[in-house]
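None of the figures in this text is laboratory data; all of them are computed from the coordinates on show. The structure displayed is predicted, hence computed values, not measured ones. Glycine also receives a Cβ, built like all others from the backbone with ideal geometry; neighbour counts cover every protein chain displayed.
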Ligand code: AMP
Ligand code: GLY
C-alpha cells in the first residue's frame with residue numbers, strides 16, 4: 001500500500017515508524033514531515049491545512065490510505081474533503097472532530113449522556129461569565145472553547161485572576177476565535193492519565209495508558225508546554241479504574257456520538273483525572289497524543305495499518321489490540337527558551353550513537369536538514385527520546401542514558417519524567 005501521513009511532529013514520526021513496520025506498507029509519504037520522518041517516508045512540502053493540494057497529491061500518487069495526525073486539519077474537515085473525492089482516510093469527519101474542536105460541545109455531550117466530568121457552565125457573553133464568577137468557588141478553571149494549541153486553559157486561584165482570564169479569553173482574544181465562547185468549570189484534583197483508543201463508529205478498543213508532563217520545568221513548575229515527556233503504562237490506572245471507564249466513559253462516549261448523528265472513526269484520546277470521587281473526563285482529543293504516541297506505539301504489537309483499516313471499515317470488533325508487557329519513557333529535548341521564544345538552526349550532535357540501539361527510539365519533533373545535510377533544530381520541542389525497559393524504572397534509566405548522548409546548543413529537558421512512579 002501507498003500511505004500518506006499528514007503532520008510534522010514527534011507524534012507523526014512515531015506513526016511513520018510504526019507504519020513502516022507493517023508488511024502492508026510499500027511506500028510512505030509525509031506532508032510536510034520533518035528530517036527524522038524522512039528516514040521512513042518521502043516528505044512532501046504541502047502544509048497540513050492545504051486540503052485540496054493534499055487530496056490532489058493523494059490522487060496523483062494513488063495513495064491507498066491517508067492518516068491524519070494533527071488536530072487542526074481534522075477539526076477543519078480534512079477527512080470530509082478526502083472522502084468527497086473518494087480517497088480512503090483515517091480520522092474523524094468534521095462533525096465528529098468537534099469532540100476536540102469545541103469544549104462547550106464536549107461538555108454538553110457529557111452532561112446529556114451522564115459521562116463523568118467536572119461541573120461547568122458555557123458562556124458566549126463575557127458579562128454573564130463575569131457575573132457568574134462573583135459567586136463561584138476558587139480555584140476555578142477557564143477554558144477557551146476552540147483549539148488553542150493546548151494553551152487555552154487557565155487555572156485561576158482568585159476572583160481577580162479569573163476576571164482577568166475572562167478578559168484575556170473573550171475580550172482580548174488571546175486565543176483568537178477559540179475564545180468566542182468559553183467554559184467555566186470546577187477545579188478537580190487527582191492524578192492525570194491519558195488513554196488513547198481506536199474507534200470505528202461503534203466499537204472502541206483502548207490502547208495502553210500513559211501520562212504526560214505538560215509543564216516546562218521539574219516538579220511541574222514553569223509554563224505549560226505541548227508536553228515535555230511521557231511514560232506508559234500509568235501505574236495509577238488500575239484494572240478497577242479501567243473497568244469503570246469502559247462502562248461509564250469510553251463506550252458511552254462512542255454511543256453518544258453515534259446517537260447524535262456524529263459517528264466517530266479514528267482515535268479518541270481521553271484526558272482523565274482520577275479524582276477522589278472516581279475518574280472524570282478532563283478533555284477529549286480527536287487524535288493521538290503528542291508525546292503519548294511516542295510511548296504507546298513502541299509498545300504496540302499489532303500491525304497498525306490493519307487497525308487503521310478496521311476503523312475505516314467498521315470491523316474493529318474483529319481486532320484484538322496487544323501491547324508488550326514492558327514500559328516506555330519519553331524525554332523531550334527542547335530548545336532553551338521554549339515555550340516562549342527560542343532560536344533555530346542549532347546543529348544536533350550524537351544522533352548516530354543511538355541509531356539502531358535496541359529499545360531506543362529518537363522521534364524528531366522539530367528538526368530539519370541544513371544545506372550540508374546535517375540535522376539542525378527547527379522548533380521548540382526538538383526530539384523525543386523514548387526508551388523501553390522491563391518496567392518503568394528501567395525504562396526511565398534507559399531514556400535518561402540515551403538523552404545524555406544527544407546535544408545541541410541550549411538544549412534542555414526535565415530531569416523528573418516518570419518520577420511519579422516512585423509514589424505508586
Ligand atoms: P485540557 O486541555 O482541558 O486537558 O487542560 C489542560 C490541563 O489543565 C489539564 O491537563 C489539567 O492539568 C488542567 N485542567 C483542565 N481542566 C481542569 C480541571 N477542571 N481541574 C483541574 N485541572 C484542570
Ligand atoms: N499530550 C497532550 C496532547 O497531545 O494533547
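Filtered by the rule that a residue be surrounded by 20 or more Cβ atoms within 10 Å (Cβ to Cβ) and in contact with a helix residue (DSSP H, G or I) (Cβ under 9 Å, 6 or more places away or on another chain), segment 383-401 gives 383, 384, 385, 386, 387, 388, 392, 395, 396. In this entry, residue 342 passes the filter for residues that are touching a residue at least 40 places away in the same chain (Cβ under 8 Å), touching a strand residue (DSSP E or B) at 6+ places or on another chain (Cβ under 8 Å), assigned to a loop (DSSP other than H, G, I, E, B) and within 23 Å of residue 35 (Cα to Cα). Return the residue satisfying two criteria in turn: it lies in segment 100-145 and is touching a residue at least 60 places away in the same chain (Cβ under 8 Å), assigned to a helix (DSSP H, G or I) and more than 11 Å from ligand 1 (Cβ to nearest atom), and of such residues it is surrounded by the most Cβ atoms within 10 Å (Cβ to Cβ). Among those that are touching a residue at least 60 places away in the same chain (Cβ under 8 Å), assigned to a helix (DSSP H, G or I) and more than 11 Å from ligand 1 (Cβ to nearest atom), it is 101.
Filtering segment 297-340 to residues that are closer than 15 Å to residue 197 by Cβ and in contact with a helix residue (DSSP H, G or I) (Cβ under 8 Å, 6 or more places away or on another chain) leaves 297, 300, 304, 307, 310, 316, 319, 321, 323.
Just one residue in the set 257, 300 is touching a residue at least 60 places away in the same chain (Cβ under 8 Å) and under 25 Å from residue 64 (Cβ atoms); that residue is 300.
For segment 130-138, the count of residues that are within 22 Å of residue 274 (Cβ to Cβ) and in contact with a strand residue (DSSP E or B) (Cβ under 9 Å, 6 or more places away or on another chain) is at least one. Of the residues making up segment 146-192, those that are assigned to a loop (DSSP other than H, G, I, E, B), within 15 Å of ligand 1 (Cβ to nearest atom), closer than 28 Å to residue 276 by Cα and free of Cβ contacts under 8 Å to residues at least 60 places away in the same chain are 152, 157. Restricting attention to segment 71-92, the residues that are surrounded by fewer than 21 Cβ atoms within 10 Å (Cβ to Cβ) and more than 15 Å from the chain's Cα centre (by Cα) total 10.
For the structure I just gave you, tell me whether residue 281 is touching a residue at least 40 places away in the same chain (Cβ under 8 Å) and more than 16 Å from ligand 2 (Cβ to nearest atom). Taking the combined requirement at face value, the residue does not satisfy it. Could you check residue 209 against (1) assigned to a strand (DSSP E or B); (2) surrounded by fewer than 16 Cβ atoms within 10 Å (Cβ to Cβ); (3) within 16 Å of ligand 2 (Cβ to nearest atom) and say which number it fails? Residue 209 satisfies every listed condition except (2).
Checking each residue in segment 214-257 for being within 14 Å of ligand 1 (Cβ to nearest atom) and touching a helix residue (DSSP H, G or I) at 6+ places or on another chain (Cβ under 7 Å) picks out only 230. When the residues of segment 217-233 are filtered to those that are in a strand (DSSP E or B) and more than 14 Å from ligand 2 (Cβ to nearest atom), the one that is nearest to residue 334 (Cα to Cα) is 217. Within segment 263-293, being assigned to a loop (DSSP other than H, G, I, E, B) and either under 11 Å from residue 202 (Cα atoms) or within 14 Å of ligand 1 (Cβ to nearest atom) (or both) holds for 263, 264, 276, 277, 286, 287, 289, 290, 291, 292. Taking segment 193-207 as the range and being within 21 Å of residue 278 (Cα to Cα) and within 14 Å of the chain's Cα centre (by Cα) as the test, the residues that pass are 193, 194, 195, 196, 197, 207.
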